[in-house]
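Undergrad: Once you've had a glance at the structure underneath, I'll fire off some questions.
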Amino acid sequence: MFVDPLNAPEASPTLPQTIAIQGELGSNSHLAALQMLSGHPMAPVILPCALSAEVIDAVLTGRASAAILPIENSLHGSVAEHYDLLLDHPIRIDAEGLLRIRHNVIAAPGVALAEIRHILSHPVALSQCRRYLAAHPQAVAMPFYDTAGSVKHLMQNGLRDTAGIAPALAAEQYGASVLVDGIEDNQENYTRFHLLRRADAPAVATEANKLSLAFAVAHRPGTLVAALQALAAAGADLTKIESRPVPGTPWEYMFYVDFRFTGAAAADRALAALASHCRAIKELGRYAAA
C-alpha cells in the first residue's frame, strides 16, 4: 500500500515533485516513487543519486522535496546504512510502502537468450536469483553497482552477449527488452521503503498509526528489557527492533523500533514511558503503516 503524503496543501497540485533516489532511473526505488505518488496529478521528477548520503543531502539542501529509500527487504533484511542516516540527519519519515520485487532478465532488442554469456546485476539481486543462474551456467553472473544500471550499461555500450537482472521499468527506461520475467527464487520478496522529508517540513495530514524511533539505554543489565516493558505497558504494538553500534563507543548500541498505535495520545504515552528508561531518544516519524 502506498499513500501520497506529498500532495499536501502547501504543494501545488499542478507541479511535479522532485524525488531523490539511490540508484539509476529504472530501479526499484524509481518504481517505488512512481507508485507512492501515483495519486498526484503529475508524475514526479526523479533525481538519481549514486550514494544514499547524496539522497539525504538532496533533501536537506532543497534540490529534492522528498526522498525514497529502502529500509528493509523481506529476504535480505535491513539496510543498516539507512538507519544511521535517519539518526544522523534532521530527516523525518512521512510514509512507508511495500513493493513486490520482481527480477527480470533484460537485454538489447533482438538478442536471444542463447546468446547471453554474462549477466550483470547488484549482488543482492544475483543472490535472490540463484536457482535461475544455476540452471543457466553458460551465462556467468557478475556483480554490478546497480540493477537498472546494468541495463543502462549494456545499452550504452551496445553489448549483445550481456544481460542485466533488473525491474521491467529499466527495460522501458533504456529501450531494452525483457527476455525472462520473474526469475527470483522466492515470490514473497518485498522491500519496505520510507518516504523522507526534512524534519522541519510542514506536517503532512495522514492518519498515522505507526511510529519509528531510535533510543539508547544505559549499559547495565536489564535496561533494554525495562525499556521494552515500558512500551508494552503503554499499549504500543512493537513490530520491529533493530540494533546498530554507536560509533566511537565499542559494544554500545542504538536501538531502532517501530510500533503501531491507535491515536496520537497513545503514541505520546508510549514515548513518555520509554523516555524514563533511555539516555537518548529520537522520534524518526509518524505515518500510516503499509
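The values are calculated or read from the model by the stated rules, or taken from the named source; none is laboratory data. Model, not experiment: these values are computed from the prediction. Quick reminder, even Gly has a Cβ in these numbers, built from the backbone with ideal geometry, and neighbours come from all protein chains shown.
Undergrad: Tell me yes or no: at least one residue of the stretch 141-151 is in contact with an Asp or Glu (Cβ under 8 Å, 6 or more places away or on another chain), acidic (D, E) and crowded, with 20+ Cβ neighbours inside 10 Å.
TA: yes
Undergrad: Among (1) crowded, with 22+ Cβ neighbours inside 10 Å; (2) aliphatic (A, V, I, L, M); (3) out of contact with any strand residue (DSSP E or B) (no Cβ under 7 Å at 6 or more places or on another chain), there is one condition A203 misses while meeting the rest; what is its number?
TA: With (1) crowded, with 22+ Cβ neighbours inside 10 Å; (2) aliphatic (A, V, I, L, M); (3) out of contact with any strand residue (DSSP E or B) (no Cβ under 7 Å at 6 or more places or on another chain) applied to A203, the lone miss is (1).
Undergrad: Mind listing whichever residues of the stretch 34-55 are modelled with pLDDT under 95 and closer than 20 Å to L98 by Cβ?
TA: If the condition is that a residue be modelled with pLDDT under 95 and closer than 20 Å to L98 by Cβ, then L34, Q35, M36, L37, S38, G39, H40, P44 are the ones that fit.
Undergrad: Please work out which residue is farthest from S27 (Cα to Cα), limiting yourself to the stretch 152-169 and to residues that are surrounded by 20 or more Cβ atoms within 10 Å (Cβ to Cβ) and either in contact with a strand residue (DSSP E or B) (Cβ under 6 Å, 6 or more places away or on another chain) or assigned by TED's automatic domain parsing to the domain that holds E72 (or both).
TA: T162
Undergrad: Okay, next question. Could you list, in sequence order, the residues of the stretch 66-88 that are of a type in the set (A, V, I, L, M) and under 10 Å from the mean Cα position of the chain (by Cα)? Steps first, answer last, please.
TA: From the stretch 66-88, those of a type in the set (A, V, I, L, M) are 66-69, 71, 75, 79-80, 85-87; that's our starting set.
Matches in the stretch 66-88: A67, I68, L69, I71, V79.
Undergrad: While we're here: Which residues, taken from the stretch 211-259, are assigned to a helix (DSSP H, G or I) and either among the basic types (K, R) or surrounded by 13 or more Cβ atoms within 10 Å (Cβ to Cβ) (or both)? Explain how you work it out, then say what you get.
TA: If we filter the stretch 211-259 for residues that are assigned to a helix (DSSP H, G or I), which is where we start, we get 223-233.
T223, L224, A226, A227, L228, Q229, A230, L231, A232 - these are the residues of the stretch 211-259 that are assigned to a helix (DSSP H, G or I) and either among the basic types (K, R) or surrounded by 13 or more Cβ atoms within 10 Å (Cβ to Cβ) (or both).
To keep it simple, each residue is scored yes or no on (1) buried (at least 19 other Cβ atoms within 10 Å of the Cβ); (2) out of contact with any strand residue (DSSP E or B) (no Cβ under 7 Å at 6 or more places or on another chain); (3) not aliphatic (A, V, I, L, M).
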{"site": "G62", "(1), (2), (3)": "no, yes, yes"}
{"site": "S65", "(1), (2), (3)": "yes, no, yes"}
{"site": "I71", "(1), (2), (3)": "yes, no, no"}
{"site": "G77", "(1), (2), (3)": "no, yes, yes"}
{"site": "E81", "(1), (2), (3)": "no, yes, yes"}
{"site": "P90", "(1), (2), (3)": "no, no, yes"}
{"site": "D94", "(1), (2), (3)": "yes, no, yes"}
{"site": "L98", "(1), (2), (3)": "no, no, no"}
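Undergrad: Continuing with the same structure: Spot the failing condition for A265; the list is (1) in contact (Cβ under 8 Å) with a residue 24 or more places away in the chain; (2) surrounded by fewer than 20 Cβ atoms within 10 Å (Cβ to Cβ); (3) of a type in the set (A, V, I, L, M, F, W, C), and only one is missed.
TA: Here A265 meets the rest and fails (1).
Undergrad: Looking at the stretch 115-165 only, could you name the residues that are of a type in the set (G, A, S) and within 13 Å of L179 (Cβ to Cβ)? Don't jump to the end; show me each part of the working.
TA: Step one: filter the stretch 115-165 for residues of a type in the set (G, A, S), giving 121, 125, 127, 134-135, 139, 141, 148-150, 158, 163-164.
Answer for the stretch 115-165, where residues must be of a type in the set (G, A, S) and within 13 Å of L179 (Cβ to Cβ): A139, A163, G164.
Undergrad: For I101, state whether it is over 26 Å from Y253 (Cα atoms) and not polar (S, T, N, Q).
TA: Working: over 26 Å from Y253 (Cα atoms): yes; not polar (S, T, N, Q): yes.
Here the answer is yes, as I101 does meet what is asked.
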